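The values are calculated or read from the model by the stated rules, or taken from the named source; none is laboratory data. Bear in mind that the values here come from a model prediction, so they are computed numbers and not experimental data. Note that each Cβ is placed from the backbone with ideal geometry, even for glycine, and that neighbours are counted across all protein chains shown.
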Amino acid sequence: MKKTLSVLFVAFFLTVSVSAVHANTVREDCGCGLGAVAIGQKEGLLWNLLGTCLNGISGNQTFGMSSGTLDCGETTKLAKLDKMDKYISENMDNLAVDIAQGNGESLDALAEIAEISTEQKSTFYSALQKNFQEIYPDAEVTHASVTKKITQIIETI
């Protein structure tokens, strides 16, 4: 029993020593989540283990990544795409008319949601107008395919 305890103590001591030499904060080693918020600047193996445990509790790290909370940062591209998709689904007909014309109120709103700079708006409008047949190939087109095509066009601007 004493020998087992001695081996465990030596193993623990070596682990703590190694982690002290190469000490990173919980935020650096464990990422975002509840652990990063609660003990993010602490260093060492025990703090990292606690941070990992806190990050894993009830999926809070996953929630933080998808919502942009718990020090996980913004998911701006995903949020922007979601806003665009929702806007396009609610304004398919008006948007089709404005894209065909190359200007209009619904197109202005789309440019705002897509965060198109003022300098690039005319290029954006022209690109959409030029690709109208690809964006709206027929009357049965879905908002998802319209969003996908518009997103592809935005990436080329």
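Which numbered condition in (1) in a helix (DSSP H, G or I); (2) free of Cβ contacts under 8 Å to residues at least 24 places away in the same chain is the only one that V146 fails? Only one criterion is unmet by V146, namely (2). Yes or no: the range 60-83 includes at least one residue that is among the hydroxyl-bearing types (S, T, Y), surrounded by fewer than 17 Cβ atoms within 10 Å (Cβ to Cβ) and at pLDDT 75 or above. Scanning the range 60-83, I find no residue that is among the hydroxyl-bearing types (S, T, Y), surrounded by fewer than 17 Cβ atoms within 10 Å (Cβ to Cβ) and at pLDDT 75 or above, so the answer is no.
Name the residues in the range 102-124 that are under 22 Å from the mean Cα position of the chain (by Cα), of a type outside the set (A, V, I, L, M) and not in a helix (DSSP H, G or I), would you? Result: E115, S117. Once the range 125-157 is narrowed to residues that are within 21 Å of the chain's Cα centre (by Cα) and among the aliphatic types (A, V, I, L, M), the residue that is nearest to K86 (Cα to Cα) is A144. If you go through the range 130-144 and keep only what is at pLDDT 95 or above and buried (at least 17 other Cβ atoms within 10 Å of the Cβ), you end up with I135, Y136. Out of all the residues in the range 111-129, is one or more more than 16 Å from T156 (Cβ to Cβ), basic (K, R) and either surrounded by 14 or more Cβ atoms within 10 Å (Cβ to Cβ) or in the same structural domain as K148 (by TED's automatic domain parsing) (or both)? Looking for residues that are more than 16 Å from T156 (Cβ to Cβ), basic (K, R) and either surrounded by 14 or more Cβ atoms within 10 Å (Cβ to Cβ) or in the same structural domain as K148 (by TED's automatic domain parsing) (or both), one finds none in the range 111-129, hence no. With respect to the conditions (1) modelled with pLDDT under 75; (2) surrounded by 17 or more Cβ atoms within 10 Å (Cβ to Cβ); (3) assigned to a helix (DSSP H, G or I), I99 lacks only one, and its number is (1).
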